[in-house]
């Protein structure tokens, strides 16, 4: 159950509500978001007339949510969440947000060329990794905070926003001034300490579905961040692990319409990691639009075959320009239906 | 290795080629198709100059094919296979074939209403089951051959073709006059005796991918039919079994562009069985078009909630009309890219 | 619901029971087994007092079974099914049945050497394939019925029984005189026509779990055979398909104690196909005993590296002798607990 | 390639080796373990005569290791790693280490009763969680550091060691004095920052296989810790995620003999999380012994039905005593083979 409180509620009144809930067999979790809202998320099983709570002082609204996740459920908040990155750049249902860039941030030249490419194609958000999760401890792990600072300076010249992965909570403070969207990687979907820490940050957070993460688990992971106090959330489908090895991952497009129905959060598709093979990124990206993705994130590099990582799934600039044109046409068609 | 023979080759000359292959360490499998071609599929591992065979009498062409499947490989036959159903009805790359109908054939009234709906929407192929594979022995198993005959008579009035599942080889002869495309169901993908038997039939065969079938296995299953003598083949993606239970199956759209590259056979998408939930059949069908499916097969029923089987994934007539309109627009957009 | 009928029930009395069931909202499926029992399996959802049926003439016993499968459920028949192969050879709970032999039957010499090995080690059932399901149409498919006849003659000299795979119903009659246990392979678990046909045979049938078969589906497949009229059934775990590729299949030992609780049928473990790597067949076989398997089936060959098929998972004779000794000791320990 | 260095090597000599490696196309990663060894792990692809390096000053030994993981490979170190916890308590191949305790540490009384139980049954290591990873943010998350301190004091009275989960690197310092083995949970298998941090700790670390972790990935994760400087490592199989839902996880016993061949690290089996159902923990634990596990970790509670978490898979004290007796007998049998 979600009880929306008057943001200026007196603590004695709030206490009275909590006591009432306890007598009804419910434990109340208080959530105050950095975006200014105040909730009690009440967990329990008994049946009772919610109007008993709804009419109490300090209660603005009350919703029964039967899902395991609550605050991220669309049963409660029917209007889709809009992520506002400032400077008029938004991610929202009905528009198609594009995010593109290399797997790894490598050099000033690489960044600058990518920014030129993005600018020319109207892409407003650049992806790239400065902290790279790698299967082997001996592989390249990214340029780190210095790479991020350099990247940040360059993006501001172009008016382009940054999305990049944060791997542990101790990195958050250092990264904070230079990041527009924090990305939680697939391997960290259930890194609950990281999710807790990101709940205390007033920056958007995009959580990628884990390799064997269920949709319900993904939603509960976003509930961690929301209940920690941060409402600025996005989800991302990037492929799951199955028995089939003809491609890198089984990019699960089924997830997108189902997530869109279950949650008010924007849902982004990552066809690059999804299918993991350059030749098929385009069809999977176009398909993502048709199933209702609110945005597409993909990998692009001036010379994919020389990229520090993920070259086999990275588009060249001409391929990327071509894809963007087709994405826009597909999105326009779909919106017109 | 595939050696295409002169269809009128003398058996003594063919024998000479087989002997030559044997000395090179290859076993030759002779394939004569009902469609009039003659091949030797040679299996072996040694390296040799294929021109030694290519220049022999009776050899029209020779191709090295490294895949486990041979005759269905696009490495050998680059032009896509066209399935001609007669009366100007074809399934071919670049067009979008539509097949729709109920899960089970139930009654004359049901068939007639469906045919009216299909006719009105320009759909030329009707699907439906008269032999139903069911998990439980106590469930409805279909109307059988009498249902098929009734269905056949009705379709001819409308100029609409039939695709229906055959479950075992002993059914083939009886079904033969009334079927335009034999469907091999997911559970029978590796029913090799059935595949062998369908290799001897001059009717198109559509093989559905098994619940845990790899793309390579699916292609080898179609190789069974082709090497048995029947070139009229289609493949169908209908969802695989994974850990995720938020939907019925994981409809694997990744499979479609990869199959299209590996084989010259048409690839059909079945979003109804794929995601298995009515509300999401439309987006998954549109996505199938964008990834390159040559056709869409879906379930439709006048009153889905009263269907004998699969009601939860079956579209109503208005939903179906709406989908068909969007499919055509999506296909036109894609072809124009 | 399972209603056990008096085997000599008059049809008018049976009809009365069926009518009564229909008024209660249940459809009755009549099952007469070749082993002499007579049942009505009633499928429906309404609640009623089962004594209303229980006290009717001709009813010997009545059981409510909530599982999707009925006749194979241990909720109904608590005593384990014993498979009697004649000549004092039985498969039953509390004993450990051993079945061993090559993947493919190859030659008289091969059979004879295997029989000598089995005899020397007290193994009473020999496995081997004469009809081989193969992924590729160009691979060796077995010696067929002639191989089976030769094999049969030889086994009778040694007093050893035969278990072998049947691939389609049209093979049953020919194979019948020469087979002691029909095996349904993993790829045919849901070949419902084959299961129906085996329901009409008075010979034991062992059904292998499909590569992505759930335990519930496996049980429903055995229900097909039982409801068709054949109570002589065994189940076999042989590995499932997962994302892990460090071995051939994920041999699922979890399945065994769970199946043992759900059904009264004997459960056999096949570690050879399970893990699919010779070096690990022994530990997986011993583990199978500890989780409660009623029997072990494994592959053995005089010269595994020369076997026509499955050599990589086949034990040599000395390895097999060693395994059998350890299996017996493990089983004795477990029974003593 | 692993180059074992003289621990007292001069840095100029080491530099010479690194330069030589670079000219051969190899990048050298220096590893100095807290246990006193010094290595260069050289990553590259060219072929060369390893004796060219082997004969250089300061090089004690050199091994070519083709696996993606190096230091944890048994190709290099054939003798099994022994984990010495002090006070004569060791985990080593050929012995069977037992670790048992509740899912969550709950109270002094609970701890004391568990310790009495363990002591009476000769179990020397107690498991329990004070930081609990939970799918829902609203679930009980453990008693934290204060619970750990209380637990620690009690265990010392009984001479029993502690294994408990660490969830993020910032917890390590606080936990350090009170922990005998740090456990990395399944959800954190690829939390590379945590693995890096545990590489700098002179305490044993047990890494659990992730829900969709391959064996190769698990080994690479342990390589993170080893290459970070900590050789005291154990691996743990705890079940993977598959399509089958008849149990909690697919406890993958295949993993154990394969890991034992690939690595010199001890391998522990966790049947409680593996199959996740109390009635089947015993058979799966006994099976774990037969496939070669070096230890068993399982959940036990005085009153499982009242446990704060995981009650459905937790044994009672009598069940636990019974299991321990059978585990010892099974292990004795197996060692005697």
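The values are calculated or read from the model by the stated rules, or taken from the named source; none is laboratory data. Nothing here was measured: the structure is a model prediction, and the numbers come from that model. Here the Cβ positions follow ideal geometry from the backbone for every residue, glycine too, while neighbour counts run over all protein chains shown.
Only a single criterion out of (1) in contact with a strand residue (DSSP E or B) (Cβ under 9 Å, 6 or more places away or on another chain); (2) part of a helix (DSSP H, G or I) is not satisfied by residue A:280, namely (1).
From the list A:199, A:185, A:229, A:210, the one residue that fits, being in contact with a strand residue (DSSP E or B) (Cβ under 9 Å, 6 or more places away or on another chain) and on the phi > 0 side of the Ramachandran plot, is A:229.
Of the residues making up region D:214-233, those that are touching a residue at least 40 places away in the same chain (Cβ under 8 Å), more than 8 Å from every other protein chain (Cβ to nearest Cβ) and within 21 Å of residue A:134 (Cα to Cα) are D:218, D:219, D:222, D:226, D:229, D:230, D:231, D:233.
Of the residues making up region A:201-218, those that are surrounded by fewer than 24 Cβ atoms within 10 Å (Cβ to Cβ) and assigned to a helix (DSSP H, G or I) are A:215, A:216, A:217. Only a single item in (1) crowded, with 24+ Cβ neighbours inside 10 Å; (2) farther than 22 Å from residue B:238 by Cα is not met by residue A:260, and it is number (1). With respect to the conditions (1) more than 30 Å from residue C:114 (Cα to Cα); (2) touching a residue at least 12 places away in the same chain (Cβ under 8 Å), residue C:94 falls short on a single one, namely (1).
Hand me the list of strands (runs of 3 or more DSSP E) wholly inside region A:25-130 holding 1 or more residues that are at pLDDT below 95 and in contact with a helix residue (DSSP H, G or I) (Cβ under 8 Å, 6 or more places away or on another chain). Break it down into steps so the answer makes sense when it comes.
Numbers: elements: A:27-32, A:38-43, A:59-63, A:97-101, A:125-127.
Strands (runs of 3 or more DSSP E) meeting the threshold: A:27-32, A:38-43, A:59-63.
Criterion first (under 25 Å from residue B:236 (Cα atoms) and either under 20 Å from the mean Cα position of the chain (by Cα) or crowded, with 16+ Cβ neighbours inside 10 Å (or both)) does residue B:59 satisfy it? Against the criterion (under 25 Å from residue B:236 (Cα atoms) and either under 20 Å from the mean Cα position of the chain (by Cα) or crowded, with 16+ Cβ neighbours inside 10 Å (or both)), residue B:59 does not qualify. In region B:190-213, of all residues being in contact (Cβ under 8 Å) with a residue 60 or more places away in the chain and within 11 Å of the chain's Cα centre (by Cα), the one that is nearest to the other protein chains (Cβ to nearest Cβ) corresponds to B:208.
For region A:155-189, the set of residues classified as surrounded by fewer than 17 Cβ atoms within 10 Å (Cβ to Cβ) and either away from chain D (no Cβ under 14 Å) or assigned to a strand (DSSP E or B) (or both) consists of A:156, A:157, A:158, A:159, A:176, A:177, listed by residue number.
Against the numbered list (1) outside any helix (DSSP H, G or I); (2) more than 7 Å from every other protein chain (Cβ to nearest Cβ); (3) surrounded by 24 or more Cβ atoms within 10 Å (Cβ to Cβ), residue C:242 comes up short only at (2).
Evaluating residue B:28 against the criteria (1) surrounded by fewer than 19 Cβ atoms within 10 Å (Cβ to Cβ); (2) not assigned by TED's automatic domain parsing to the domain that holds residue B:123 leaves one unmet condition, (1). If the condition is being within 11 Å of chain A (Cβ to nearest Cβ), crowded, with 20+ Cβ neighbours inside 10 Å and closer than 17 Å to residue B:248 by Cβ, then region B:278-337 contributes B:280, B:281, B:282, B:283, B:284, B:285, B:287, B:288. With respect to the stated conditions, residue A:136 is facing chain D (nearest Cβ under 9 Å), at pLDDT below 95 and within 30 Å of residue D:72 (Cα to Cα). Within region D:253-277, being within 12 Å of chain C (Cβ to nearest Cβ) and assigned to a loop (DSSP other than H, G, I, E, B) holds for D:253, D:254, D:276, D:277. Suppose we keep only residues that are assigned to a strand (DSSP E or B) and touching a helix residue (DSSP H, G or I) at 6+ places or on another chain (Cβ under 7 Å) within region A:219-239. Which one would you say is surrounded by the most Cβ atoms within 10 Å (Cβ to Cβ)? The residue in question is A:237. In the set (1) in contact (Cβ under 8 Å) with a residue 40 or more places away in the chain; (2) within 14 Å of chain A (Cβ to nearest Cβ); (3) in a helix (DSSP H, G or I), the condition left unmet by residue D:248 is number (3). Counting residues in region A:136-143 that are touching a residue at least 60 places away in the same chain (Cβ under 8 Å) and buried (at least 17 other Cβ atoms within 10 Å of the Cβ) gives zero. Taken together, the residues in region C:160-189 that are in contact with a helix residue (DSSP H, G or I) (Cβ under 8 Å, 6 or more places away or on another chain), in contact (Cβ under 8 Å) with a residue 40 or more places away in the chain and under 15 Å from residue C:123 (Cα atoms) amount to 2. Take the conditions assigned by TED's automatic domain parsing to the domain that holds residue A:300, over 21 Å from residue A:227 (Cα atoms) and touching a helix residue (DSSP H, G or I) at 6+ places or on another chain (Cβ under 6 Å) and apply them to residue A:143. Does it pass? For residue A:143, the condition - assigned by TED's automatic domain parsing to the domain that holds residue A:300, over 21 Å from residue A:227 (Cα atoms) and touching a helix residue (DSSP H, G or I) at 6+ places or on another chain (Cβ under 6 Å) - is not met.
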